[in-house]
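The values are calculated or read from the model by the stated rules, or taken from the named source; none is laboratory data. Keep in mind that this is a model prediction, so the values were computed, not measured. Positions of Cβ are generated from backbone atoms using ideal geometry, with glycine treated the same way; all protein chains shown enter the neighbour counts. For the accessible areas, the whole protein counts, side chains as well, though only heavy atoms, and no ligand, DNA or RNA atoms are used. Shrake-Rupley method; radii C 1.70, N 1.55, O 1.52, S 1.80 Å.
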Amino acid sequence: MKADGRTRAKTFGAAAALGTGGPTLALTAVVLVLFVGSLAIGPVKLSPLAVAEALAGQGSETARIIVQEIRLPRAILSVAIGGVLGLSGAALQGLLRNPLASPALFGAPQAAAFGAVLAISLGLVNVLSFALPIAAILGAFLSVFVLLAVAGRNANLLLLILAGLALSSLAGAGTSLAMNLAPNPFAVLEISFWLLGSLEDRSFRHVALALPFIVVGATLLMAQRQKFRVLALGEETAQSLGVDVERLRLLVVVGVALGVGGAVAVAGTIGFIGLVAPHLMRPLVGWDPAKLMVPSALAGAGLLTAADIAVRLIPAATDVKVGVLTAIIGVPFFLWLIVRERRALGGGVS
Amino acid sequence: MSTAAPYLVAEKVGVALGRREVLADVSLSLERKSLVALVGPNGAGKTTLLRALAGLVPASGTVFADGEAVAALSVKERARRFAYLPQGHAVHWPLPVRDVVALGRFPHGATDPSRLGPADLAAVERAIAATDLKTLADRRITELSGGERARVALARVLAVEAPVILADEPVAALDPHYQLEVTGLLHAAAANGALVIVVTHDLGLAARFADKVLVLADGRLVLHGPPAEALAPEILASVFRIAAFHGGHDGQPVVVPWSAT
């Protein structure tokens with residue numbers, strides 16, 4: 001039995017060195033394919049070979065400009081933003097020990113958007129300054145922080161969702177007010193399109209704006225992952241096993257705010273990736289909240305990149321915004337989840 | 001036992017929740033290698049005392065573990081000295097039994113159950129063997145019965161291999177077989193050198209297994225002593241408002257609560 005234990009530990013150790021082994025590798029491959037697809041697909045279709053040539057600085061000048069300057073920043077952003085949204089969802093679900101937790105349900109993207117819109121409409125920043133992600137991050141941080149404070153220490157999901165609803169309504173009202181008071185109608189139009197969530201026409205300037213915050217946020221969340229497993233035993237027991245729960249909570253809120261705020265600052269509000277990604281991964285890698293983190297990030301990256309490719313393929317007079325598409329897919333999925341978990345939820349909510 | 005130096009010493013420990021004093025002026029000193037039952041009516045402050053001893057609630061007074069003030073210890077060091085088994089032992093995700101038990105090694109730096117070092121692996125295997133969970137080790141915790149989950153929770157606590165085990169009603173809601181089994185395991189842990197403090201409402205089990213009984217009422221320590229003394233008829237009448245049958249079996253005291261008074 002002891003020998004069995006050791007062999008098992010060894011094989012699992014090898015698997016753990018590769019993240020969660022097979023699924024992680026397969027997901028990485030899928031994300032890579034989608035990444036290349038995102039570089040190849042659009043009004044001008046390019047072959048993978050042409051994409052590779054363009055990336056290497058070869059081929060026609062048109063192809064180089066399309067790939068390097070138009071599609072590459074967009075593909076990088078969709079992978080980074082999808083990834084950090086998936087990671088944030090997995091982290092919040094781990095922290096709150098609840099499979100229905102996600103940044104969007106708690107009003108974080110809406111509050112980040114409000115922070116950004118407020119900063120723009122007050123004329124504090126222009127759309128391409130570093131102050132914009134900082135305003136968005138502050139908005140997201142405030143909302144998640146207030147949410148956890150209002151809902152209390154051992155909050156059940158009902159409290160969290162009610163508080164999240166209140167906060168996202170408030171953020172939405174604040175955003176509308178800022179738009180009402182905006183000096184010119186074109187600014188309003190621009191803001192409202194941006195709020196729908198899109199990755200169109202993003203440049204490397206946008207990548208530089210968002211990526212540092214996203215990377216720091218994701219690193220912070222990843223560093224906490226082992227503690228989410230201990231938290232499965234409840235906060236008090238986790239505390240007794242040497243997890244500083246207060247500190248963990250703060251670090252997760254900061255990590256989620258950095259990731260979501262950075263994402264919203266360049267891409268507007270893109271919802272439901274954080275909710276959907278961990279759910280898709282559980283059947284593949286199991287329920288362990290620590291082992292779920294990397295696969296959720298990859299799934300998020302894949303989902304958003306696929307959605308961003310899809311909006312280019314959908315025939316429409318004007319472009320469909322990717323945030324609209326994720327919501328159209330995400331909301332029915334969320335309803336299906338509620339139906340599936342109705343019994344467990346009834347217990348948790350009462 | 002009385003010759004050993006006390007491992008756990010509490011001096012005037014008190015806990016206030018808001019303006020309400022739930023625990024006041026508790027002083028005690030307890031040795032390793034003993035099973036201590038903490039009894040008292042509902043709301044007497046038993047759980048609060050357990051939490052205060054483990055440093056899980058802000059408390060006045062001082063608790064010393066092995067001569068060092070617990071409040072001055074790092075979170076990890078404190079977690080290595082006190083293994084805490086809360087009421088209910090909920091596990092929120094369907095984790096494999098072995099991974100749950102391995103969480104007991106978290107204070108020792110083993111943060112990833114799938115990559116345990118030899119010492120941590122050995123401790124986990126010992127805990128699994130002691131609680132007879134070998135055949136269930138690869139099952140998910142959600143597939144187990146209540147009694148089996150109680151054993152997993154206990155294995156997780158044993159895996160810490162801490163000098164002090166604090167267990168809050170570990171046998172509540174278990175059938176008689178599991179009650180005796182779990183209490184027996186805690187008794188064995190004490191025999192192996194741990195100081196085991198068990199909160200319980202079962203005065204019969206306290207009389208049967210405890211080396212020492214602490215009686216708590218209204219947040220104060222009323223009495224501590226051997227079971228025969230602490231569970232004497234006049235204490236049961238004044239603190240618990242019950243009359244009990246007192247007897248003996250196999251050289252152990254028997255206490256059976258009989259009627260409310």
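May I ask you to verify whether residue B:101 is buried (at least 21 other Cβ atoms within 10 Å of the Cβ) and more than 10 Å from every other protein chain (Cβ to nearest Cβ)?
Taking the combined requirement at face value, the residue satisfies it.
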_Filter pass, residue B:188 being open to solvent by less than 50 Å² (accessible area, probe 1.4 Å), touching a residue at least 24 places away in the same chain (Cβ under 8 Å), more than 18 Å from residue B:50 (Cβ to Cβ) and not in a helix (DSSP H, G or I)_ = no
*Inside the stretch A:37-54, can you point out the residues that are in a helix (DSSP H, G or I) and either at positive phi or surrounded by fewer than 16 Cβ atoms within 10 Å (Cβ to Cβ) (or both)?*
A:48, A:49
*Got at least one residue in the stretch B:198-205 being open to solvent by 40 Å² or more (accessible area, probe 1.4 Å) and over 12 Å from the mean Cα position of the chain (by Cα)?*
yes
*asked:* Can you report the number of residues in the stretch A:298-317 which are closer than 15 Å to residue A:91 by Cβ and open to solvent by less than 20 Å² (accessible area, probe 1.4 Å)?
replied: 2
*Pairs only if they're at least six apart or on different chains, beta carbon under 7 angstrom, first in the stretch B:194-216 and assigned to a helix (DSSP H, G or I), second small (Gly, Ala, Ser) and surrounded by 24 or more Cβ atoms within 10 Å (Cβ to Cβ); list them, first residue then second.*
B:206/B:37
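Matching residues to (1) of a type outside the set (Gly, Ala, Ser); (2) farther than 16 Å from residue B:42 by Cα:
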{"position": "B:204", "(1), (2)": "no, yes"}
{"position": "B:226", "(1), (2)": "yes, yes"}
{"position": "B:229", "(1), (2)": "yes, yes"}
{"position": "B:232", "(1), (2)": "no, yes"}
{"position": "B:236", "(1), (2)": "yes, no"}
*Is at least one residue of the stretch A:180-194 away from chain B (no Cβ under 14 Å), under 30 Å from residue A:249 (Cβ atoms) and open to solvent by less than 80 Å² (accessible area, probe 1.4 Å)?*
no
*Do you know which of the residues in the stretch B:71-98 that are without any contact (Cβ under 8 Å) to a residue 60 or more places away in the chain and open to solvent by less than 10 Å² (accessible area, probe 1.4 Å) is nearest to the other protein chains (Cβ to nearest Cβ)?*
B:93
*Answer yes or no: is there a residue in the stretch A:238-246 that is within 14 Å of chain B (Cβ to nearest Cβ) and surrounded by fewer than 16 Cβ atoms within 10 Å (Cβ to Cβ).*
yes
_Pull out all pairs, ordered by first then second residue, where Cβ-Cβ is under 6 Å, the residues are six or more apart or on different chains, the first lies in the stretch A:192-207 and is under 15 Å from residue A:308 (Cα atoms), and the second is hydroxyl-bearing (Ser, Thr, Tyr) and crowded, with 18+ Cβ neighbours inside 10 Å._
A:197/A:269; A:199/A:78
*Test result for residue A:31, among the aliphatic types (A, V, I, L, M), farther than 30 Å from residue A:287 by Cα and at pLDDT 85 or above*: no
*Among B:148, B:125, which is the only one that is open to solvent by 10 Å² or more (accessible area, probe 1.4 Å), within 8 Å of another protein chain (Cβ to nearest Cβ) and closer than 23 Å to residue B:189 by Cα?*
B:125
*For the stretch B:165-185, does any single residue satisfy the condition of being modelled with pLDDT under 95, within 23 Å of residue B:119 (Cα to Cα) and either among the hydroxyl-bearing types (Ser, Thr, Tyr) or part of a helix (DSSP H, G or I) (or both)?*
yes
_Selection from the stretch B:53-70 of residues that are more than 9 Å from chain A (Cβ to nearest Cβ) and buried (at least 21 other Cβ atoms within 10 Å of the Cβ)_ = B:53, B:59, B:63, B:65, B:70
*So residue B:37, is it without any contact (Cβ under 8 Å) to a residue 24 or more places away in the chain and either away from every other protein chain (no Cβ under 14 Å) or surrounded by fewer than 23 Cβ atoms within 10 Å (Cβ to Cβ) (or both)*: no
*What about residue B:153, is it in contact (Cβ under 8 Å) with a residue 60 or more places away in the chain, aliphatic (A, V, I, L, M), touching a strand residue (DSSP E or B) at 6+ places or on another chain (Cβ under 7 Å) and more than 8 Å from chain A (Cβ to nearest Cβ)?*
yes
_In the stretch A:221-237, the residues that are of a type in the set (Asp, Glu) and either more than 9 Å from chain B (Cβ to nearest Cβ) or open to solvent by less than 50 Å² (accessible area, probe 1.4 Å) (or both)_ = A:235
*Considering only residues of the stretch A:19-36 that are outside any helix (DSSP H, G or I) and among the small types (Gly, Ala, Ser), which is nearest to the chain's Cα centre (by Cα)?*
A:19
*Scan the stretch A:292-302 and give yes if some residue there is at pLDDT below 90 and outside any helix (DSSP H, G or I), otherwise no.*
no
